[in-house]
Amino acid sequence: MKALVTGGTGFIGSHLVDELLNRGYEVRCIVRNTSNLKWLEGKDVEIFKGSLFDVDFLKGALKDVDYVYHIAGVTKGKNYWDYYRGNVETTKNLLEACLENQRLKKFVLASSLAAVGPGENSIPVDETKPYNPITSYGKSKAEAEKVTLSFKDKLPITIVRPPSVYGPRDTYTFEIFKYIKFGFLPVVLPSEQILSLVYVSDLVDGFILAGESEKATGEVYFISGDEICTWKEIESVVLKTLDKKVIRIKIPASILYSISFISELIFKLQGKASPLNLEKIRDIRQKNWACSIEKAKKELGYSPKVSLEEGMRITINWYIENKWL
């Protein structure tokens, strides 16, 4: 079996490549000419350098491929158009190129919980929740889902929605560990917030189950860990693993919004995407980013194997061993 992976040079995509190779797949990766290939070096991977905006190139890259895992996407943009081009147009191009592949068994789209937005009260969202994204990123992922679903009568497609993902190689949650190492922790999330997290190897298992399952064709699934957490529980696990005590610095929402507004303005003047913006603050301040995985358990046989405590321990040890911490 041959699988094509987009985003294979990134955090999630590189772990998916590793597991596909481990399961005996032939793996082909589409990468940009400027991509850093450090997570693919020394691995038996076929590299196709080109653009997801070039449909003719994509048709060639898809030749003789059985499975497509579309992991690549834009998570940081200057405006909605950046997200739309990187998440919607690329998905549509890839789907159109797949129409010429007669042997395709499954197209799996990596979406996000952000596509449907936060839940209400303390009830985890499930696949019946209508689209209600609250950020440009979430709106673009919702549109990418809609485009993918519009092909379900022409192609075998499945959509996977993870919440926040963590694990070795992740640079996003790594920032939190850096603060803790230096002995302080900014408190920016609502104390009552609940959220789902997924360890990267569990998410990869979910992707492959979605790809290999015929029953999953035309369906959408949340893939996450079993635990619904509060930030305090996550903080407790991290501090225990690092054996650290921290000074907590509570930052009021008003200050967060002010800082993000200034940051966004400065980066916009430089023609760059700000890592901290008003939408990001609105996103992290929501009280419910939890999702249910009952559908995936029932229909895919999905069962997360890594607990929050174990996943954090593995992740932190990896950061230490690789001299990130």
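The values are calculated or read from the model by the stated rules, or taken from the named source; none is laboratory data. Just so you know, these numbers come straight off a predicted model, no measurement behind them. Note that we place each Cβ from the backbone using ideal geometry, even for glycine, and neighbour counts take in every protein chain shown.
Counting only helices (runs of 4 or more DSSP H) that sit completely within segment 45-128, those holding 1 or more residues that are free of Cβ contacts under 8 Å to residues at least 40 places away in the same chain, surrounded by 14 or more Cβ atoms within 10 Å (Cβ to Cβ) and of a type in the set (F, W, Y) correspond to 55-61. The requirement of being assigned to a helix (DSSP H, G or I), within 15 Å of P163 (Cα to Cα) and within 18 Å of the chain's Cα centre (by Cα) is not satisfied by K146. Of the residues screened, L20 is not one that is more than 24 Å from L95 (Cα to Cα) and either at pLDDT 95 or above or within 17 Å of the chain's Cα centre (by Cα) (or both).
Cβ-Cβ contacts under 6 Å between residues 6 or more apart (or on different chains), taken from a first residue in segment 249-276 that is within 18 Å of K76 (Cα to Cα) and at pLDDT below 80 to a second residue that is part of a helix (DSSP H, G or I) and among the acidic types (D, E), are listed as S274/E264. Note on segment 14-44: residues that are part of a strand (DSSP E or B) and more than 16 Å from G73 (Cα to Cα) total 3.
Restricting the first member to segment 213-225 and to residues that are buried (at least 24 other Cβ atoms within 10 Å of the Cβ), and the second to residues that are among the small types (G, A, S) and modelled with pLDDT under 95, no beta-carbon pair is closer than 7 Å while six or more apart or on different chains.
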